[in-house]
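What follows draws every value from the coordinates through simple rules; no lab data is involved. Small disclaimer: the values here were computed from a predicted structure and weren't measured. Neighbour counts run over all protein chains shown; Cβ positions are idealised from the backbone, glycine included.
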Amino acid sequence: MFERIARQSLDEAVASGAFDNLEGTGLPFRYDPASQPVGERWAGFRILQNGGLLPEWLELGREIERDMAALAELDRRHGDTVMLAKGAATPAKILRSAALVREHYRMAAEQLRRKQDRFNVMAPSVHCERPGIWVEHEIARLDASARAVERAMLAGEEDEACPGH
């Protein structure tokens, strides 16, 4: 009975022109199985996808990807600044700049971790979850590179003070 009512409603809509001038009319149907939503809510995801929308957790996933790219850029800037300090006449001043970049990195990494945790809670299955950034480890890595330059500076100063070494 439901199928008959649905078919009748669809036939009436076609006859009244409700489907005329739809976007993509006359174009071949694009089917990309890799982009198809999966899981028990696939139909809802597909409707949102067709409307150019995404579920909140997927939008958050896109935001996380942008934040990860920004974090990688801060990491690169920190590394470049530390490398610049190695050959500089006034490395302490440049290392202070590196410390500022490190602080921006720390804040961005903590914010990213909170988003990753929220994403993992919202994701519909364990298979969709993303590993979270280990903020303390990443900060320790940045600090180690800056400390290596500081040690090299101190070793260089000692060599200058004691020419025999």
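Between Asn50 and Asn120, what FRET efficiency comes out of the Förster formula 1/(1 + (r/R0)^6) with R0 = 35 Å and r the beta carbon distance, rounded to 0.05?
Once rounded, the FRET efficiency stands at 0.85.
Take Phe19, Phe119, Phe45, Phe2 and order them by how many other Cβ atoms sit within 10 Å, fewest up front.
Phe2, Phe19, Phe45, Phe119
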Q. For the stretch 56-161, what is the convex hull volume of the alpha-carbon atoms per residue, in Å³?
A. 84 Å³
**Q.** Cβ-based exposure ranking for Val135, Val149, Val14, in which fewest neighbours within 10 Å come first
**A.** Val14, Val135, Val149
Q: Report the FRET efficiency, 1/(1 + (r/R0)^6), for Glu12 and Ala70, where r is their Cβ-Cβ distance and R0 is 41 Å, rounded to 0.05.
A: 0.20
Q) For Tyr105, what charge total do you get from the other residues with a beta carbon under 14 Å from its beta carbon, if Lys and Arg give +1 and Asp and Glu give -1? A) -3
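Count the net charge of all other residues whose Cβ sits under 12 Å from the Cβ of Phe19, scoring Lys and Arg as +1 and Asp and Glu as -1.
-4
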Q.
Let me understand the stretch 93-135 better: what is its radius of gyration from the alpha carbons, and its Dmax, in angstrom?
A. 14.5, 49
Q | Theoretical ellipticity at 222 nm over the chain - DSSP helices of four or more residues, -39500 (n - 2.57) apiece, nearest 500 | A | -24000 deg cm²/dmol
Q: Going by C-beta contacts inside 10 Å, put Lys115, Lys93, Lys86 in order with the fewest on the left.
A: Lys93, Lys86, Lys115
Q.
Taking R0 as 41 Å, what FRET efficiency do you get between Ser97 and Glu63 from their Cβ-Cβ distance, rounded to the nearest 0.05?
A. 0.90
Q: Could you work out how far helix 56-86 tilts from the main Cα principal axis of the chain, as a 0 to 90 degree angle to the nearest 10?
A: 20 degrees
